[in-house]
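Have a look at the structure below, then the notes.
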Amino acid sequence: MGRLILGRRTGAALVALLVMVALPAAAETLQLQNGRFTATSGGVPTAWRLEAWAKDQTDVGWEPGTDGGGIARIVNRGPNDARLCQSISVIPGAEYRVSARVKTDNVGVATAGALIAIEPRVADSIDVKGTQGWQTLEVSAKNQDAGSWDICLRLGSYANLNTGTAWFTDVRVDVVGGAAPQSASRWPSLGIGTMVASFRTTPWSATAIPLVAGLVLAFGLGVIGGRFRD
C-alpha cells in the first residue's frame, strides 16, 4: 500500500486551498442568519434576541409561513418598545439595504409603530401603524467605520412606547453600493481568530461540503505535488 509523501511547500499549498474553498461559505454566514425564521428556540427565532423596555409587557411568538419559512410575532400588551435584534458584520464604506415584510393589528397611531431599525441609531424605516396587511419595509444606510450593526425588528421605539401586534418575515440584508464587499466578505483575513469565528457560526454541512470538495479537487488536479512511495 503506497504512502503519500508531502513536502512543506505542497502541504502548505493544500492547506491554503482548503481554507480558500471553505471560508467563503463560512464568511457569508457572518451576514444575517435565519432571516426567514426557519429555526426557533424557546419561541424566539434562532440567532435573534429579544430586547424590550419592559419585557413583562411583551410576548414573542412564531408562526409557520409559506415556502418553508416562518413568521415572528411581537405582541405589546402594554406600552412598550420591543424588538428582535441580530448583530451582523459590516464593511466600512459599504452601503446596505435592509428589508422585511410586516403586517400589524391594532397598533397605536400616536407613537412609533412596527419598523426596521439599524442600531446603534444608524437609520429607521418608515413605520406601520393601525391594522395593515402584509407590506414590504426597507431602509438603506452607508456604514462609515463600524465593524458591526444590530438589525432590529421593532414595535415602538425610543421614547415612543406602543401597543398592538406586529408580524415580521423575510428579513434580508443586501449590499447596494460603496466599497467592494465581495472581496472583504468572501476572502477574509486568514488569521486564526477569523477562521475560528467563521467556523463557529457556520452549519456543519456548509463547512464540510466545501472542505471535502477542496480535498477532492486538490488530489484530482494534482496541485498538491505529492508522490507515492511503496
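Between ASP56 and TYR158, the contour length at 0.36 nm per residue exceeds the Cα-Cα span by 35.0 nm. Let me know the shape class of the range 40-178, please: from the alpha-carbon gyration tensor, a ≥ b ≥ c as square roots of the eigenvalues, rounded when a/c is under 1.5, otherwise prolate if a/b is greater than b/c, or oblate. Verdict is prolate for the range 40-178. Exposure proxy ranking for TRP53, TRP167, based on other Cβ atoms within 10 angstrom of each Cβ and starting from the fewest, stands as TRP53, TRP167. As a rough footprinting exposure proxy, the listed residues SER99, SER41 were ranked by other beta carbons within 10 Å of their own, and the order from fewest upward is SER41, SER99. Remark on THR46: its backbone amide H falls under 5 Å from those of ALA39, THR40, SER41, a criterion applied only to residues 5 or more positions apart or on other chains, H modelled at 1.01 Å from N.
Panel order for ASP127, ASP56, ASP150, by other beta carbons found within 10 Å of each beta carbon, from fewest to most: ASP56, ASP150, ASP127.
Quick note: the coordinates plus some simple rules give every number you see, no bench work behind them. Computed from a prediction, not measured in an experiment: that's the story for all the values here. Cβ coordinates were reconstructed from backbone atoms using ideal geometry, including for glycine residues, and neighbour counts include every protein chain displayed.
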